Structures are given as structure tokens and as C-alpha cells.
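What follows is a short report on a single structure.
The values are calculated or read from the model by the stated rules, or taken from the named source; none is laboratory data. Nothing here was measured: the structure is a model prediction, and the numbers come from that model. Cβ placement follows ideal geometry from the backbone for every residue including glycine, while neighbour counts extend to all protein chains displayed.
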Amino acid sequence: MPIDPMTLIMFALIAVLIIFMIRNGRKRQQAAQEMQSNLRPGAEVMLQSGIYGTIEEVDEEANRVTVRSGSSTLVVHRNAVGQIVAPVEPTEADEHTVAPDDDPEFGERVSEGEQKAAAGADEAASDAEAASSDESAGGESTDEGKDKA
């Protein structure tokens, strides 16, 4: 049974349509995730109902956001925030830093600044451990030496 060229073209167009639908969905999901992660107190937002306001508080557990609009305070669900009009710059405490015990995941790239910070923290931790072990060992021997003298 020969395959009709029009049938092949039709299936190819359907496959391309499905690929673009999946790609567009992933982009929208990533944009929504980025917006949710940027909800911080002080950010100016527009709710889906068209109300503009400033975020005062974000409750992660209850998925609620407290928004001040003029003289009114509104408590809304996180998903009611339609867009962030003026984001707040993240503070240094909010930024991700590599802790001494954090190892990168397999295949994860670590910048040179993070490597130096991690190496400095590892050296400081090993110096502190060596100092504490010297104090505990040295403290007993000096006390014994004082008792003998």
C-alpha cells in the first residue's frame, strides 16, 4: 500500500504543531515560576483584576500576599498577582551563596568566585578544627605540666 504524500505532509504539520505547543507551554511555565520567585515585599504589582499595589508581606505557607493599594490593604492568593510592574532588587541575603558543605550537583558549573569562597570557607573550617583539637590536647598537657611544677 503506497503512502500518499499529502498524508505525510499532514502528519508532519501535526507533529510540528505539537512541538510548538509543548515549547510554548514550557516558556509560560518558566515565566510564571520566575514571577512567583520575584514576589518580595516592596515590589509594585498589578493584580489580575487590574488593581495596582505594593507587596507588604508574602506568606509562603498559606500562599497569600498582602498588597497595599492606596490606603487599602488586600490579602490575596499568590496566583492573583498578574504581573510585577517594578521588581525589588534582591538583597545579598537573598542571593545564593555556596556554603562550605554544599557540593555542586553532577554536571553543575560553579563560577570562580563561588569556588574561591568555598575554598576559603573550607580552609577556615579546617583551621578552626585544628585549633580546637590543639586547645583540647594542649590544654590537658599544660595543666598537667603546671601541676608537676
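Please work out which one of (1) at pLDDT 90 or above; (2) more than 16 Å from MET35 (Cα to Cα) is the condition VAL65 fails and give its number.
All conditions pass for VAL65, except number (2).
To keep it simple, each residue is scored yes or no on (1) surrounded by 14 or more Cβ atoms within 10 Å (Cβ to Cβ); (2) without any contact (Cβ under 8 Å) to a residue 40 or more places away in the chain; (3) assigned to a strand (DSSP E or B); (4) touching a Leu at 6+ places or on another chain (Cβ under 6 Å).
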position: ARG28; (1), (2), (3), (4): no, yes, no, no
position: MET35; (1), (2), (3), (4): yes, no, no, no
position: LEU39; (1), (2), (3), (4): yes, no, no, no
position: VAL45; (1), (2), (3), (4): yes, no, yes, no
position: GLY50; (1), (2), (3), (4): no, yes, no, no
position: GLU57; (1), (2), (3), (4): no, yes, yes, no
position: ALA62; (1), (2), (3), (4): no, yes, no, no
position: ARG68; (1), (2), (3), (4): no, yes, yes, no
